[in-house]
Protein chains: 2
Amino acid sequence: MDFQTPAFLVDRAIVRRNCEAMREKARLSGVGFRPHVKTHKSVDIGRMQHGGATGPITVSTLAEAELFAANGFADITYAVPIAPDKLGRAAALAARIERLSVLADSERALNAIEQYAAAHDVTFDVFLKVDCGYHRAGVDPASPDSARLAIALARSEAVRFQGLLTHAGHAYGARDREEIGRIAAEEAACLTRFRALLAAEGLGEARRSVGSTPTASVVDRFSECDEVRPGNYVFFDAFQATIGSCALEDVAVSVLTTVVGSYPERGALIVDAGALALSKDAGPRHLDPQFGFGVVCDLDLGPLPMRIVELSQEHGKIQTESPVPVGTRLRIVPNHSCLTAAMYETYHVIEEGRVVEEWKPARGW
Amino acid sequence: MDFQTPAFLVDRAIVRRNCEAMREKARLSGVGFRPHVKTHKSVDIGRMQHGGATGPITVSTLAEAELFAANGFADITYAVPIAPDKLGRAAALAARIERLSVLADSERALNAIEQYAAAHDVTFDVFLKVDCGYHRAGVDPASPDSARLAIALARSEAVRFQGLLTHAGHAYGARDREEIGRIAAEEAACLTRFRALLAAEGLGEARRSVGSTPTASVVDRFSECDEVRPGNYVFFDAFQATIGSCALEDVAVSVLTTVVGSYPERGALIVDAGALALSKDAGPRHLDPQFGFGVVCDLDLGPLPMRIVELSQEHGKIQTESPVPVGTRLRIVPNHSCLTAAMYETYHVIEEGRVVEEWKPARGW
């Protein structure tokens, strides 16, 4: 491979396999499939998630939404509670496509939507974000206030109510597949219970949108939900392989790096992949407090007994007993592929060890 | 400020003050000044570091070197040990400017340089990287092998020997200014001792290049060195303020963010600055194991008693007892400004609370 390091390698065959497996699972389960694109931010991979088509997607930024909309994706959910001052930009995009759904989880956000809608004579497609135990965003499904907010959204003239949306991000803190499975069951059950509370108000059939890669990966079939939104599964990463969402062979991406310093006397190597090439995501430290900043692999042969113990901006420090000569190329499977991918302007797409394409992701906000 | 969040704000007056103070210290000390540009990667700030001129600089990537070279910077040190397969690109750049110095710290790297030089009829400006206690890159100055490598570099026909270069990165692990001061003294003394060992070989006057922002910030005057290479001081950050390199008021940058979720019942806010807007640098945890992912400030008034306890890709979770309404804008002083700045395509440059300019940094490798 005659390009310089650090470089972000994407194995197209593995991405395709990961994409097909998840799509097929959704199809066989009879649920809607709205994969997240935040992990890769690439239109090419977005199409692979839908078997070549421009199907429904989930995004984490309006910049992603705008890029995908410009490339034919017409049904998009922006899955971060919307800031009031982003409503104008969202409305402008919504006017150009079939549907841009946004998230709200507070009366204040609903008020902002209503004010904007009244002032500009528009309406918004809105999901209520529900907290299924992650305790990041979302309303408490057991609170009467949450039911009141759901009803207010459904009745608001500014809103086309899209249903209930949740994300079991706490599955990343699980210790094994069994624990992820329990969280997956609760992710779906929580929305089913919540909408039952709303049945008397005519919301008993509200759409239930769920999704995280760990929960979507460990279940055999999706149940008790109407659509799923996993994203990381296209690439997977060292974190997912450690908690049990996938095997290490399912990880489609790695960072190609070069050994620039070799210090056998202190048991260390320095490579040219540092914090900007890998991201400083600390990985699954709840399972292994000594987990490094990625899994070091031989270029072809797989994992090596080496640990990335430190990252500075452009240096990665690897602890190893082996003397590895300066100039040797290694691959590093990143801890968190979403954060690593975002550091690159270009993905080098490989198939059978050769670069076959270059893909350009969206960037910024 | 009518732009969307997250956004990277640079206070021009503080940058100017930080730039002037360091430049003046180098001038009064009578040492060469070759500031690092990796923190900002912006040609505009590179000029401010030299009072408007295009003086000598230090870079962390060849992409930075190429951008600055294209903008008139003619004397550049690339301060990461060079990978053998980057020699061609370095040689091409060196041919276009006055001097591009590279780093080597192994016989293997010297061999690669000599092979390339012989094959392409060029020579390289090369520093020997020396380890002054950080134990990242660099040779052990107490080892006879290191002296032999210095002599081999100085005698090589492929090399114009530039001297000895070190970086006291372990100053970031210091607990206070006193400890940083001791590391600063050793950073310089180590090169002085090492070159004394080389005096018999005619290298007793080899240039001594040192530099890190903590060590450069705490000394009153630079001594026992020939040039200094601090970089982070243009911006500083929450880490530097905590270990004592600067005061929090000296930090020139912050991330503007919007509260998108407010959950007083669980003592939390969600803002639209997550891991991609801030970086996952964990900050000075050796001084405060509970240090968050940045220091939350009121837009105008300074630090607030809030801690950023968790970052996911586009969500920042803040722990606070205060109910803060959705839509409120906050500023976050980043833990590590180098990593945070690198996430942005545009810096919003402010003066007296208004955006006066936009600067575009270099990106990638």
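Data table
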quantity: Identity of the residue in segment A:230-256, assigned to a loop (DSSP other than H, G, I, E, B), open to solvent by less than 10 Å² (accessible area, probe 1.4 Å) and among the hydrophobic types (A, V, I, L, M, F, W, C), that ends up nearest to the other protein chains (Cβ to nearest Cβ); calculated: A:Phe235
quantity: Complete set of residues in segment B:63-121 that are assigned to a strand (DSSP E or B) and either in contact with a helix residue (DSSP H, G or I) (Cβ under 8 Å, 6 or more places away or on another chain) or within 12 Å of chain A (Cβ to nearest Cβ) (or both); calculated: B:Ile76, B:Tyr78, B:Ala79, B:Val80, B:Pro81, B:Leu100, B:Val102, B:Leu103, B:Ala104
quantity: Residue match in segment B:257-271 (condition: more than 14 Å from chain A (Cβ to nearest Cβ) and at pLDDT 95 or above); calculated: no
quantity: Counted residues, segment A:155-172 - those being over 19 Å from A:Ser60 (Cα atoms) and either open to solvent by 40 Å² or more (accessible area, probe 1.4 Å) or without any contact (Cβ under 8 Å) to a residue 12 or more places away in the chain (or both); calculated: 4
quantity: Within segment A:300-326, tally of residues that are part of a loop (DSSP other than H, G, I, E, B), at the interface with another protein chain (Cβ under 10 Å from one of its Cβ atoms) and surrounded by 13 or more Cβ atoms within 10 Å (Cβ to Cβ); calculated: 5
quantity: Residue match in segment A:36-49 (condition: within 26 Å of B:Val260 (Cα to Cα) and of a type in the set (Val, Ile, Thr)); calculated: yes
quantity: Inter-residue pairs, beta-carbon under 9 Å, first under 24 Å from B:Pro323 (Cα atoms) and in segment A:106-120, second open to solvent by 100 Å² or more (accessible area, probe 1.4 Å) and part of a helix (DSSP H, G or I), 6+ apart; calculated: A:Glu107/A:Arg148
quantity: Tabulated pairs, segment B:135-152, first within 14 Å of chain A (Cβ to nearest Cβ) and under 23 Å from A:Val309 (Cβ atoms), second among the aromatic types (Phe, Trp, Tyr) and open to solvent by less than 30 Å² (accessible area, probe 1.4 Å), C-beta under 6 angstrom, 6+ apart or interchain; calculated: B:Pro141/B:Phe194
quantity: Enumeration of residues in segment A:272-285 that are in a loop (DSSP other than H, G, I, E, B), touching a residue at least 24 places away in the same chain (Cβ under 8 Å) and within 13 Å of chain B (Cβ to nearest Cβ); calculated: A:Asp272, A:Ala273, A:Gly274, A:Ser279, A:Lys280, A:Asp281, A:Ala282, A:Gly283
quantity: Tally, over segment B:129-141, of residues that are within 18 Å of B:Glu205 (Cα to Cα) and open to solvent by 20 Å² or more (accessible area, probe 1.4 Å); calculated: 1
quantity: Candidate set from segment B:338-352 (those that are open to solvent by 10 Å² or more (accessible area, probe 1.4 Å), in contact with an Asp or Glu (Cβ under 8 Å, 6 or more places away or on another chain) and of a type outside the set (Val, Ile, Thr)); member that is nearest to B:Leu62 (Cα to Cα); calculated: B:His348
quantity: Candidate set from segment A:269-307 (those that are closer than 15 Å to B:Ala137 by Cβ and of a type in the set (Val, Ile, Thr)); member that is nearest to the chain's Cα centre (by Cα); calculated: A:Val271
quantity: Some residue of segment B:102-115 being small (Gly, Ala, Ser), closer than 24 Å to A:Ala7 by Cβ, in contact with an Asp or Glu (Cβ under 6 Å, 6 or more places away or on another chain) and open to solvent by less than 10 Å² (accessible area, probe 1.4 Å); calculated: no
quantity: Filter result (open to solvent by 30 Å² or more (accessible area, probe 1.4 Å) and without any contact (Cβ under 8 Å) to a residue 40 or more places away in the chain) within segment A:173-197; calculated: A:Glu178, A:Glu179, A:Arg182, A:Ala185, A:Thr192, A:Arg195, A:Ala196
quantity: Residues of segment A:23-52 satisfying the condition of being in contact with a Pro (Cβ under 7 Å, 6 or more places away or on another chain), more than 14 Å from chain B (Cβ to nearest Cβ) and open to solvent by less than 10 Å² (accessible area, probe 1.4 Å); calculated: A:Pro35, A:Ser42, A:Gln49
quantity: Unmet requirement for A:Gly52, which otherwise passes all of (1) within 18 Å of the chain's Cα centre (by Cα); (2) part of a loop (DSSP other than H, G, I, E, B); calculated: (1)
quantity: Conditions (1) open to solvent by less than 10 Å² (accessible area, probe 1.4 Å); (2) more than 25 Å from A:Ile82 (Cα to Cα); (3) in contact with a Pro (Cβ under 7 Å, 6 or more places away or on another chain): number failed by B:Ala273; calculated: (2)
quantity: Single condition A:Ala69 does not satisfy, out of (1) free of Cβ contacts under 8 Å to residues at least 40 places away in the same chain; (2) in contact with a strand residue (DSSP E or B) (Cβ under 6 Å, 6 or more places away or on another chain); calculated: (2)
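A quick yes/no check of all residues on (1) part of a loop (DSSP other than H, G, I, E, B); (2) farther than 14 Å from A:Ser209 by Cβ:
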{"position": "A:His135", "(1), (2)": "yes, yes"}
{"position": "A:Ala142", "(1), (2)": "yes, yes"}
{"position": "A:Arg148", "(1), (2)": "no, yes"}
{"position": "A:Glu157", "(1), (2)": "yes, yes"}
{"position": "A:Gln162", "(1), (2)": "no, no"}
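Per-residue answers, yes or no, for (1) within 26 Å of B:Arg136 (Cβ to Cβ); (2) not small (Gly, Ala, Ser):
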residue: B:Ala13; (1), (2): no, no
residue: B:Arg16; (1), (2): no, yes
residue: B:Glu20; (1), (2): no, yes
residue: B:Glu24; (1), (2): no, yes
residue: B:Asp44; (1), (2): no, yes
residue: B:Thr54; (1), (2): no, yes
residue: B:Glu64; (1), (2): yes, yes
residue: B:Ile97; (1), (2): no, yes
residue: B:Ser101; (1), (2): yes, no
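The values are calculated or read from the model by the stated rules, or taken from the named source; none is laboratory data. On a predicted model such as this, the values are computed, not experimentally measured, just so you know. Don't worry about glycine lacking a Cβ; one is built from the backbone with ideal geometry, like all the others, and counts go over all protein chains shown. The protein model used for the area step is the full one, side chains on, heavy atoms only, and it has no ligands, DNA or RNA in it. Shrake-Rupley method; radii C 1.70, N 1.55, O 1.52, S 1.80 Å.
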